[in-house]
Each structure stands twice: as C-alpha cells, then as structure tokens.
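These notes are about the structure you will find just below.
The values are calculated or read from the model by the stated rules, or taken from the named source; none is laboratory data. Computed from a predicted model, the values in this text were never measured in an experiment. Please note: Cβ atoms are built from the backbone with ideal geometry, for glycine as well, and neighbour counts cover all protein chains shown.
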C-alpha cells in the first residue's frame, strides 16, 4: 500500500476587517508563467515565475531557497533584479524585489509571456 502526503493551505478568506487577503497584498499581481534563472546558487538554478508585480514575484523552484535569502532573478528586458525570499511553501517561493520594478517593465514582461509562449531572458 502506498501513502501519499498532501499539504494544503486555504487563506483567501476575509480577515477580521472583512477584507480578502488578495486585496491587502499591495501592487496588482499579474499571473503568467515563464522559465528563467536565479543566482546564487552556482551554477544558476532554473525556476518558473508564476506571478509578478512591481514589488515582487512568486516562483516555483526545485532547488531549495531559504527564507531571507537574497538572489538575482533574470527578468526579460530588465536583466538581473535582486529579490529576497519572504515565504516558502514546499516548492513555491514568495519574493520581494529589493528595488521595485517599474509598472511599464511589468507590462512589457506580461505582453511577452503570453500563455504557452516561451520568452528568453537577457541574463
């Protein structure tokens, strides 16, 4: 008999003030998916960016990143951008940019990352 583990988190319910979590997160997050690289580690690790805003991003990584770790992520058209891991859930990581990325740069990345499209990074 095989055993499988399942971990789930349901946290989009309203807070005590009646606001939904997504409404409290600050800049609008854009859902997308593209492969890119982060460094360190050396050699660079391949990750998938799953959402993006001027303040940060969420990514999926097979390599382990620690909460608090600072790394560079290659963003198409923006080059290497420094970010810090602020939360981790299994292979998903929430990251905050050390310096915000412009709204125009986010829009350009979203346009290049149409569903099913592969976009190249500059780094």
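Brief remarks on what is shown
- Qualifying residue in the stretch 46-54 (condition: surrounded by 15 or more Cβ atoms within 10 Å (Cβ to Cβ), modelled with pLDDT of 90 or more, at negative phi and assigned to a loop (DSSP other than H, G, I, E, B)): yes
- Scan of the stretch 55-79 for residues that are touching a helix residue (DSSP H, G or I) at 6+ places or on another chain (Cβ under 9 Å) and on the phi < 0 side of the Ramachandran plot, ordered by number: 75, 76, 78
- Any chance residue 68 is modelled with pLDDT of 90 or more and in a loop (DSSP other than H, G, I, E, B): yes
- Screening residue 27 with (1) surrounded by 14 or more Cβ atoms within 10 Å (Cβ to Cβ); (2) modelled with pLDDT of 90 or more; (3) in a loop (DSSP other than H, G, I, E, B) gives one miss only, at (2).
To keep it simple, each residue is scored yes or no on (1) modelled with pLDDT of 90 or more; (2) under 14 Å from the mean Cα position of the chain (by Cα); (3) buried (at least 16 other Cβ atoms within 10 Å of the Cβ).
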residue	(1), (2), (3)
42	no, no, no
74	yes, yes, yes
82	yes, yes, no
86	yes, yes, no
98	yes, yes, no
114	no, no, no
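- Cβ pairs under 7 Å, 6+ apart, first in the stretch 96-107 and outside any loop (DSSP other than H, G, I, E, B), second at pLDDT below 90: 105/77; 105/78; 106/30
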